[in-house]
1. Quickly run through segment 154-171 and pick out the residues that are under 21 Å from Pro131 (Cβ atoms) and at pLDDT 95 or above.
2. Quick check on my filter: what residues within segment 137-158 are touching a helix residue (DSSP H, G or I) at 6+ places or on another chain (Cβ under 9 Å), surrounded by fewer than 18 Cβ atoms within 10 Å (Cβ to Cβ), free of Cβ contacts under 8 Å to residues at least 24 places away in the same chain and of a type outside the set (D, E, K, R)?
3. Give me the strands (runs of 3 or more DSSP E) completely within segment 114-203, filtered to those with at least 2 residues that are within 25 Å of Glu69 (Cα to Cα) and of a type in the set (Gly, Ala, Ser), ordered by residue number.
4. Within the set of pairs 6+ apart or on separate chains, which have a first residue in segment 86-106 that is at pLDDT 90 or above, a second that is buried (at least 16 other Cβ atoms within 10 Å of the Cβ) and among the hydroxyl-bearing types (Ser, Thr, Tyr), and C-beta atoms under 6 Å apart?
5. Look at Leu71 and say whether it is surrounded by 17 or more Cβ atoms within 10 Å (Cβ to Cβ) and modelled with pLDDT of 85 or more.
6. With respect to Ile124, determine if the residue is surrounded by 19 or more Cβ atoms within 10 Å (Cβ to Cβ) and of a type in the set (A, V, I, L, M, F, W, C).
7. Which residues, counting only those in segment 190-203, are free of Cβ contacts under 8 Å to residues at least 60 places away in the same chain and either of a type in the set (S, T, N, Q) or in contact with a Gly (Cβ under 9 Å, 6 or more places away or on another chain) (or both)?
8. Is there any pair with a first residue in segment 162-189 that is free of Cβ contacts under 8 Å to residues at least 24 places away in the same chain and a second that is of a type outside the set (A, V, I, L, M, F, W, C) whose Cβ atoms are under 8 Å apart and which are 6 or more apart or on different chains, and what are they?
Amino acid sequence: MKRFTGLMLIGILACGLFFALGTATADEILDQINEAMELYKQGDYSGAVSGLDFAAMQIRELQAARAAEALPAALPGWQAEEAETSSMSGAMFGGGISAERTYTKDDAEVNIQLISESPMLQGIMMMFNNPMVMSSSGKKLKQIKGQKAAWEYNPEDRSGEIILVAHNVVMITVKGSNVDESELLAYAEAIDFDLIGKLVSGN
(Lines give C-alpha, C1' and ligand atoms only; values in the text may rest on other atoms or scores of the structure.)
Protein backbone atom coordinates (compact mmCIF):
# COMPACT_ATOMS: atom_id res chain seq x y z
CA MET A 1 0.00 0.00 0.00
CA LYS A 2 2.83 2.38 0.83
CA ARG A 3 4.42 1.69 -2.54
CA PHE A 4 1.15 2.37 -4.35
CA THR A 5 0.79 5.64 -2.45
CA GLY A 6 4.30 6.54 -3.57
CA LEU A 7 3.33 5.93 -7.19
CA MET A 8 0.31 8.18 -6.78
CA LEU A 9 2.55 10.89 -5.31
CA ILE A 10 4.85 10.73 -8.33
CA GLY A 11 1.86 11.24 -10.58
CA ILE A 12 0.69 14.25 -8.58
CA LEU A 13 4.17 15.80 -8.61
CA ALA A 14 4.41 15.25 -12.34
CA CYS A 15 1.11 17.07 -12.87
CA GLY A 16 2.48 20.05 -10.94
CA LEU A 17 5.60 20.05 -13.09
CA PHE A 18 3.55 20.10 -16.27
CA PHE A 19 1.67 23.19 -15.15
CA ALA A 20 5.07 24.86 -14.65
CA LEU A 21 6.72 23.65 -17.85
CA GLY A 22 3.80 23.45 -20.27
CA THR A 23 1.52 20.67 -21.49
CA ALA A 24 3.13 19.71 -24.83
CA THR A 25 4.17 16.27 -23.54
CA ALA A 26 2.01 16.09 -20.42
CA ASP A 27 -0.40 13.47 -21.77
CA GLU A 28 2.42 11.23 -22.96
CA ILE A 29 4.27 11.27 -19.65
CA LEU A 30 1.14 10.97 -17.52
CA ASP A 31 0.09 7.97 -19.63
CA GLN A 32 3.48 6.41 -18.92
CA ILE A 33 3.03 6.97 -15.18
CA ASN A 34 -0.51 5.56 -15.25
CA GLU A 35 0.70 2.48 -17.13
CA ALA A 36 3.39 1.97 -14.50
CA MET A 37 0.77 2.18 -11.76
CA GLU A 38 -1.34 -0.46 -13.52
CA LEU A 39 1.69 -2.74 -13.83
CA TYR A 40 2.31 -2.30 -10.12
CA LYS A 41 -1.27 -3.32 -9.31
CA GLN A 42 -0.81 -6.40 -11.49
CA GLY A 43 2.31 -7.36 -9.56
CA ASP A 44 4.71 -6.54 -12.39
CA TYR A 45 7.13 -4.60 -10.20
CA SER A 46 9.98 -4.66 -12.71
CA GLY A 47 7.72 -3.25 -15.41
CA ALA A 48 6.43 -0.58 -13.02
CA VAL A 49 9.95 0.50 -12.08
CA SER A 50 11.01 0.58 -15.73
CA GLY A 51 7.97 2.69 -16.66
CA LEU A 52 8.55 5.17 -13.86
CA ASP A 53 12.26 5.43 -14.71
CA PHE A 54 11.34 6.26 -18.30
CA ALA A 55 8.81 8.88 -17.18
CA ALA A 56 11.38 10.40 -14.82
CA MET A 57 13.88 10.61 -17.68
CA GLN A 58 11.31 12.45 -19.83
CA ILE A 59 10.64 14.89 -16.99
CA ARG A 60 14.37 15.54 -16.62
CA GLU A 61 14.51 16.28 -20.34
CA LEU A 62 11.83 18.92 -19.82
CA GLN A 63 13.84 20.36 -16.95
CA ALA A 64 17.01 20.45 -19.06
CA ALA A 65 15.20 22.26 -21.87
CA ARG A 66 14.00 24.91 -19.46
CA ALA A 67 17.45 25.21 -17.86
CA ALA A 68 18.83 26.04 -21.31
CA GLU A 69 16.66 29.16 -21.26
CA ALA A 70 18.93 30.51 -18.51
CA LEU A 71 21.87 30.58 -20.93
CA PRO A 72 22.39 34.10 -22.28
CA ALA A 73 21.93 35.35 -25.81
CA ALA A 74 25.06 36.28 -27.76
CA LEU A 75 26.69 39.55 -26.79
CA PRO A 76 26.86 42.26 -29.50
CA GLY A 77 29.24 41.15 -32.26
CA TRP A 78 29.14 37.51 -31.17
CA GLN A 79 27.42 34.44 -32.63
CA ALA A 80 25.67 31.83 -30.47
CA GLU A 81 25.25 28.16 -31.32
CA GLU A 82 22.09 26.26 -30.43
CA ALA A 83 21.99 25.18 -26.79
CA GLU A 84 22.61 21.50 -26.12
CA THR A 85 20.90 19.66 -23.27
CA SER A 86 21.14 16.23 -21.68
CA SER A 87 19.70 14.36 -18.74
CA MET A 88 21.18 11.53 -16.72
CA SER A 89 19.39 8.66 -15.03
CA GLY A 90 19.37 8.34 -11.28
CA ALA A 91 22.06 5.67 -11.54
CA MET A 92 24.37 8.18 -13.24
CA PHE A 93 25.58 11.26 -11.36
CA GLY A 94 22.47 11.40 -9.18
CA GLY A 95 20.04 11.94 -12.02
CA GLY A 96 21.17 15.44 -12.93
CA ILE A 97 20.60 17.58 -16.00
CA SER A 98 22.92 19.73 -18.07
CA ALA A 99 22.66 22.51 -20.62
CA GLU A 100 25.44 24.24 -22.51
CA ARG A 101 25.98 26.78 -25.26
CA THR A 102 29.00 28.01 -27.21
CA TYR A 103 29.59 31.58 -28.38
CA THR A 104 32.12 32.73 -30.98
CA LYS A 105 33.55 35.96 -32.37
CA ASP A 106 36.37 35.65 -34.92
CA ASP A 107 38.90 33.42 -33.10
CA ALA A 108 37.37 34.03 -29.68
CA GLU A 109 35.20 31.39 -28.02
CA VAL A 110 33.18 31.18 -24.81
CA ASN A 111 31.40 28.07 -23.54
CA ILE A 112 28.84 28.08 -20.73
CA GLN A 113 27.66 24.87 -19.09
CA LEU A 114 25.06 24.35 -16.36
CA ILE A 115 25.02 21.05 -14.46
CA SER A 116 22.69 20.11 -11.63
CA GLU A 117 23.60 17.45 -9.08
CA SER A 118 27.16 17.29 -10.41
CA PRO A 119 29.50 14.86 -8.61
CA MET A 120 32.05 17.72 -8.62
CA LEU A 121 29.77 20.05 -6.67
CA GLN A 122 30.91 18.93 -3.22
CA GLY A 123 34.56 19.54 -4.08
CA ILE A 124 33.77 22.98 -5.50
CA MET A 125 31.87 23.94 -2.35
CA MET A 126 34.82 22.83 -0.22
CA MET A 127 37.08 25.07 -2.30
CA PHE A 128 34.72 28.01 -1.83
CA ASN A 129 34.65 27.48 1.93
CA ASN A 130 38.42 27.04 2.33
CA PRO A 131 40.56 30.06 1.30
CA MET A 132 43.76 27.98 1.43
CA VAL A 133 42.40 25.46 -1.07
CA MET A 134 41.17 28.30 -3.27
CA SER A 135 44.57 30.00 -3.17
CA SER A 136 46.48 26.80 -3.96
CA SER A 137 44.28 26.23 -7.01
CA GLY A 138 45.35 29.58 -8.44
CA LYS A 139 41.78 30.87 -8.47
CA LYS A 140 40.29 33.94 -6.81
CA LEU A 141 36.98 34.02 -4.99
CA LYS A 142 34.47 36.59 -6.20
CA GLN A 143 30.73 37.11 -6.34
CA ILE A 144 28.72 37.47 -9.53
CA LYS A 145 25.11 38.53 -9.19
CA GLY A 146 25.12 37.28 -5.61
CA GLN A 147 26.55 33.85 -6.54
CA LYS A 148 29.95 32.57 -5.37
CA ALA A 149 32.49 32.29 -8.18
CA ALA A 150 36.03 30.92 -8.53
CA TRP A 151 37.84 33.11 -11.05
CA GLU A 152 40.96 32.41 -13.10
CA TYR A 153 42.28 34.42 -16.07
CA ASN A 154 45.58 34.36 -17.98
CA PRO A 155 46.21 37.69 -19.74
CA GLU A 156 49.10 36.24 -21.77
CA ASP A 157 47.02 33.80 -23.80
CA ARG A 158 43.72 35.59 -23.01
CA SER A 159 42.06 32.48 -21.61
CA GLY A 160 40.09 32.04 -18.45
CA GLU A 161 37.49 30.13 -16.50
CA ILE A 162 34.80 31.10 -14.03
CA ILE A 163 33.18 28.41 -11.87
CA LEU A 164 29.99 29.36 -10.08
CA VAL A 165 27.58 27.53 -7.80
CA ALA A 166 24.11 28.95 -8.30
CA HIS A 167 21.69 28.61 -5.40
CA ASN A 168 24.05 26.00 -3.88
CA VAL A 169 22.95 23.18 -6.23
CA VAL A 170 23.78 24.11 -9.84
CA MET A 171 27.40 24.21 -11.00
CA ILE A 172 28.12 26.64 -13.83
CA THR A 173 31.36 26.87 -15.78
CA VAL A 174 32.18 29.76 -18.11
CA LYS A 175 35.30 29.03 -20.17
CA GLY A 176 36.86 31.36 -22.70
CA SER A 177 39.80 31.38 -25.10
CA ASN A 178 41.17 34.40 -26.97
CA VAL A 179 38.83 36.60 -24.95
CA ASP A 180 39.19 39.68 -22.81
CA GLU A 181 38.54 39.26 -19.11
CA SER A 182 35.68 41.75 -19.40
CA GLU A 183 33.99 39.59 -22.06
CA LEU A 184 34.22 36.50 -19.88
CA LEU A 185 32.67 38.43 -17.00
CA ALA A 186 29.94 39.86 -19.23
CA TYR A 187 28.82 36.37 -20.23
CA ALA A 188 28.82 35.18 -16.62
CA GLU A 189 26.73 38.17 -15.58
CA ALA A 190 24.26 37.57 -18.43
CA ILE A 191 23.22 34.16 -17.08
CA ASP A 192 19.62 34.19 -15.83
CA PHE A 193 20.21 33.31 -12.18
CA ASP A 194 16.60 34.20 -11.31
CA LEU A 195 15.31 31.50 -13.66
CA ILE A 196 17.77 28.99 -12.21
CA GLY A 197 16.45 29.86 -8.76
CA LYS A 198 12.88 29.19 -9.90
CA LEU A 199 13.88 25.83 -11.35
CA VAL A 200 15.67 24.88 -8.14
CA SER A 201 12.67 25.83 -6.01
CA GLY A 202 10.21 24.16 -8.38
CA ASN A 203 8.37 27.37 -9.28
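1. If the condition is that a residue be under 21 Å from Pro131 (Cβ atoms) and at pLDDT 95 or above, then Gly160, Glu161, Ile162 are the ones that fit.
2. Result: Ser137, Leu141.
3. Answer list for segment 114-203: 147-154, 159-166, 170-177.
4. Ala99/Thr85
5. Answer is yes for this residue.
6. When the stated conditions are applied, Ile124 does not pass them.
7. Matches in segment 190-203: Ser201 only.
8. Note: pairs meeting the criteria are Asp180/Arg158.
The values are calculated or read from the model by the stated rules, or taken from the named source; none is laboratory data. These numbers were taken from a predicted model, which means no experiment stands behind them. As a convention, Cβ positions derive from the backbone with ideal geometry for all residues, glycine included, and neighbour counts pool all protein chains shown.
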